[in-house]
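K.L.:
Sharing a structure here in structure tokens format.
Bear in mind that the values in this text are calculations on the coordinates, not laboratory data. What you see is a predicted model, and the numbers here were worked out from it, not measured in a lab. Glycine also receives a Cβ, built like all others from the backbone with ideal geometry; neighbour counts cover every protein chain displayed.
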Amino acid sequence: MQTLKVDLGERSYPIHFGEGLLDQPQLLAPHIAGRQVAIVTNETVAPLYLERLTRSLAAYSVLPIILPDGESFKNWETLQLIFNGLLTARHDRRTTVIALGGGVIGDMAGFAAACYQRGVDFIQVPTTLLSQVDSSVGGKTGINHPLGKNMVGAFYQPNLVLIDTTSLNTLPARELSAGLAEVIKYGLICDEPFLTWLEDHVDALRALDQVALTTAIQRSCAAKAEVVGADEREAGVRATLNLGHTFGHAIETHMGYGVWLHGEAVAAGTVMALEMSARLGWITHAERDRGIRLFERAGLPVVPPAEMTPADFMEHMAIDKKVIDGRLRLVLLRRMGEATVTDDYPQEVLQATLGADYRALAQLKG
Ligand code: NAD
Ligand code: GLY
């Protein structure tokens, strides 16, 4: 087992990761204050891992709350099911909510923990690559609104992130690829050598090589922990973690939640950010193409949906959380391995980016 720390003063917490951690009660016990525990999971993950986690919590009264599966259920109605479960079972303020699942479960369970009786303890047990490298760390919780992705939520840190890397063995290949989008993101925004490592190991990662996966999780979580430690509530540098997300969230919202996986939308959105960075002269065309090639090798889409027009993008991007005083700030690359957040770009460059021929770019890579 390895451990990283998210350094947030008295709200600091460990990220434990390694093989078989679901079966280690002593890792959970120090982070549970009361006798009651609620495990929030979904219909897909419950048959796979709920029994094992429950066994590791034998010392507690465990309430399973099993939600429907999917991004389209990340909403008020499903959130209410968590509160219904907690109240019906009379969970008090010393309860601990444990999220067992991917980013959808983690975001919803975390938001429920933030709100239930004005805040109860919370533990993340992420079971997708995406949630292990990104969403379980850093305390962003929330739900979608029909008009915008993740538009309702709270910053609420967990007490512990417990990553059993072997849970990825049951993850569908498409979901694994979606997680790789966020892994590649760290290379692009802050760790160019990691990008080179990913180019060498992307096939091993897709083949579920545990050593490669552990390295990818370690480097991703270390990058995320550092950024969150420096800027918990996204006053500055944390926004760079949203590379490709402004374009990507527009794709998710426009296409209908769950049609494009979050990681898929982030991949295509990041290609758009690479294209815009190249148009601004900040990265070369060869560097843009290097990024496109890596996403392709990771099994990810690099062409935005054909049916989305520049006007569609502009409409959705206008309610991005990075809009301030009507100005849309975008995360772009100053160079490979260095991101910046800026509203200082010519509108024509944004329009040209939205209208670019991504199919031709993808074909160029062949
Ligand atoms: P997800 O939670 O929908 O999980 C993907 C699919 O895999 C689901 O069908 C799930 O049931 C299934 N699954 C989970 N673990 C499994 C396992 N071990 N074996 C088999 N199937 C398994 O999607 P995700 O990609 O994990 O998360 C995406 C969500 O995370 C989005 O809503 C996104 O907005 C959010 N997110 C949040 C943050 C944050 O900082 N809070 C960061 C990135 C993404
Ligand atoms: N996933 C972006 C963030 O945590 O800030």
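K.L.:
If you put +1 on each Lys and Arg Cβ and -1 on each Asp and Glu Cβ, how big is the dipole of the range 212-330 around its Cα centre, in Debye rounded to 20?
P.N.:
360
K.L.:
Turning to a different aspect of this structure: Using alpha carbons only, what's the Rg to Rh ratio of the range 315-366 with Rh from Kirkwood?
P.N.:
Reported Rg/Rh, Kirkwood definition of Rh: 1.04.
K.L.:
For GLN218 paired with GLU348, estimate the spin-label separation in nm (one decimal), with each label point 7 Å from Cα along the Cα-to-Cβ line.
P.N.:
That separation, rounded to one decimal, is 4.9 nm.
K.L.:
With runs of 4+ DSSP H residues as the only contributors, calculate the mean residue ellipticity of the chain at 222 nm using -39,500 (n - 2.57) per run, divided by the residue total and rounded to the nearest 500. Write out the running numbers ahead of the final one.
P.N.:
Numbers: 13 runs with 155 residues, N = 366.
Dividing the helical sum by the residues of the chain leaves -13000 deg cm²/dmol.
K.L.:
Starting from the amide H of ASP343, placed 1.01 Å from N in the peptide plane, find each other amide H under 5 Å away whose residue is 5 or more places distant or on another chain.
P.N.:
Residues meeting the criterion, in which the H sits 1.01 Å from N, are LEU330.
K.L.:
Report for the chain the percent antiparallel among DSSP-assigned beta bridges with both residues inside it, nearest 5.
P.N.:
Around 40 percent of the beta bridges assigned by DSSP in the chain are antiparallel ones.
K.L.:
Can you tell which of LEU332, LEU162, LEU171 shows the greatest fluctuation in a Gaussian network model of the chain with Cα springs below 10 Å?
P.N.:
Result: LEU171 has the largest fluctuation of those listed.
K.L.:
Next question, about the same structure. Points 7 angstrom from Cα along the Cβ direction at LEU208 and ALA33: gap in nanometres?
P.N.:
Reported label-point gap for LEU208 and ALA33 is 3.9 nm.
K.L.:
Based on the Cβ-Cβ distance of ALA58 and MET151, what FRET efficiency does E = 1/(1 + (r/R0)^6) give at R0 = 35 Å, to the nearest 0.05?
P.N.:
Rounded to the nearest 0.05, the efficiency is 0.35.
K.L.:
In degrees, nearest 10, range 0 to 90: what is the angle between the Cα axis of helix 103-115 and the longest Cα principal axis of the chain?
P.N.:
60
K.L.:
Let me ask something additional. In terms of Cα to Cα distance under 27 Å, which lysines are near enough to LYS224, apart from those fewer than 8 places away along the same chain?
P.N.:
Those lysines meeting the cut-off are LYS5, LYS74, LYS140, LYS149, LYS185, LYS321, LYS322.
K.L.:
Taking every pair of Cα atoms in the range 1-59, average 1/r, invert it to obtain the Kirkwood radius, and report Rg/Rh to two decimals.
P.N.:
0.99
K.L.:
Under the √(5λ) rule applied to the eigenvalues of the Cα gyration tensor, what semi-axes describe the equivalent ellipsoid of the range 269-323? Give them in Å, descending.
P.N.:
They are 22, 15, 10 Å, listed largest first.
K.L.:
Contour minus end-to-end for ASP231 and ASP200, with contour as 0.36 nm per residue of separation and end-to-end as the Cα-Cα distance?
P.N.:
Going from the current span to full extension adds 8.0 nm.
K.L.:
Then there is this: For the chain, count the residues as N, evaluate 2.2 N^0.38 Å, and divide the Cα radius of gyration by that value, please.
P.N.:
0.96
K.L.:
May I pose another question? Roughly how many Å is it from the Cα centre of the range 114-137 to that of the range 252-315, as a whole number?
P.N.:
27
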